[in-house]
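The values are calculated or read from the model by the stated rules, or taken from the named source; none is laboratory data. Model, not experiment: these values are computed from the prediction. Using ideal geometry, Cβ is built from the backbone for each residue, glycine included, and neighbour counts are taken over all protein chains shown.
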Amino acid sequence: MDITKVLENVDKNQIHKIINYLPIPIFIIASNYRFVSVNKPMCNFFDCTIEAFLRKTDDFIIPKKNIDASRKITDEIFSSGQPYEDEEILTDGRGEQHIFLIYKRLIHLQQAGYETPFVITVLMDVTRFREAEKNATHRALHDTLTGLANRSHLNQRLKEAVTVSTANAQGFAILLLDLDGFKSINDRFGHQAGDQILCVVAKRLTDTIRRNDVVARLGGDEFCIVQANVDHPDQAHELADRVVHAVSRPIPFGSIELTISASVGIALFPEDGDGPDALLRKADLGLYQVKGNGRAGYLRHALDARSLQSDGRNHATNEWN
């Protein structure tokens with residue numbers, strides 16, 4: 001039910017009693033932007049008495065930077081009679097921000113035998129709903145254990161990367177990585193140790209990339225990095241180098257330290273594929289070859305091989321295309 005219609009022909013002296021029965025903040029202002037009526041929920045939210053409210057104008061509750069736009073909307077309602085709905089952030093009397101659905105409508109109230117126009121505003125607090133929506137969206141796009149982007153989110157970002165890179169004639173790289181020795185540690189020390197490794201690796205990968213890059217967990221011990229703005233293959237090589245070294249550092253677990261390594265497959269856009277699926281396949285080929293060559297290294301799908309494992313291991317290095 002539209003409560004503004006119910007109030008349409010109510011005497012001004014009775015309006016305050018009626019809106020006080022309603023559990024959500026409501027206020028009425030005149031054409032000079034002065035409050036002529038506010039209810040108790042409004043007073044409670046802004047920590048202000050009714051008497052003090054009625055001596056104020058709308059700039060008491062609206063931030064200075066928004067007051068001109070807000071008053072323009074109010075003037076339009078007075079002149080056109082058209083209702084207005086929007087979502088705004090308001091700060092309560094304790095300094096906490098809330099998200100409100102704002103409903104504004106022109107009403108005419110009886111005053112001294114005459115109908116006088118006013119604008120009534122109804123505030124519906126949707127903060128919890130918006131937070132729940134935000135949390136649900138985050139859960140849908142992020143890995144529960146590590147907080148990284150999940151496969152669904154990665155697919156979105158890859159499509160965006162293809163679009164942006166095509167428009168800007170600039171490349172990007174995909175680094176697909178798998179943790180060497182993860183399964184044996186997980187089997188020996190249990191899932192708690194496995195989870196510890198995954199969370200530490202996620203943090204190290206996040207610290208290794210730039211702000212405009214993306215790191216995702218695809219499932220199990222498989223991760224993927226989307227490296228933006230790659231002008232030369234050596235940039236992907238350098239990132240892979242940092243990734244392999246970061247992952248290889250010992251990981252504390254109780255009184256012991258766990259050690260793993262990473263195998264990384266690399267694919268470049270547009271040289272190695274014109275879309276996410278083709279690029280992931282090429283990166284997977286490189287990852288498979290690294291595994292076959294002894295692990296702990298990185299490779300661009302049969303075009304370039306580099307092993308970063310030390311202690312006497314040979315380094316195989318070919319020229320980039």
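Worth a mention:
- Inclusion of VAL126 among residues that are assigned by TED's automatic domain parsing to the domain that holds LEU22 and at pLDDT 95 or above is warranted.
- Selection within segment 173-191 - over 18 Å from LEU287 (Cα atoms) and touching a residue at least 40 places away in the same chain (Cβ under 8 Å): ILE185, PHE189
- Residues satisfying the stated conditions in segment 84-104, i.e. touching a Ser or Thr at 6+ places or on another chain (Cβ under 8 Å) and loosely packed, with under 14 Cβ neighbours inside 10 Å: GLN97
- Among the residues here, GLY265 does not qualify as within 21 Å of ALA167 (Cβ to Cβ), more than 25 Å from the chain's Cα centre (by Cα) and either buried (at least 19 other Cβ atoms within 10 Å of the Cβ) or not aromatic (Phe, Trp, Tyr) (or both).
- Of all residues in segment 86-109 being within 21 Å of ASN32 (Cα to Cα) and more than 25 Å from the chain's Cα centre (by Cα), the one that is modelled with the lowest pLDDT: LEU109
- Filtering ASP277, ASP272 for residues that are assigned to a helix (DSSP H, G or I), free of Cβ contacts under 8 Å to residues at least 60 places away in the same chain and assigned by TED's automatic domain parsing to the domain that holds ASN229 leaves a single hit, ASP277.
- Only one of PHE45, PHE27 that is of a type outside the set (A, V, I, L, M), at pLDDT 95 or above and assigned to a strand (DSSP E or B): PHE27
Yes or no, residue by residue, for (1) of a type in the set (Asp, Glu); (2) touching a residue at least 24 places away in the same chain (Cβ under 8 Å); (3) closer than 19 Å to LYS17 by Cα:
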site	(1), (2), (3)
MET42	no, yes, yes
PHE53	no, yes, yes
ASP58	yes, yes, no
ILE67	no, no, no
ILE77	no, yes, no
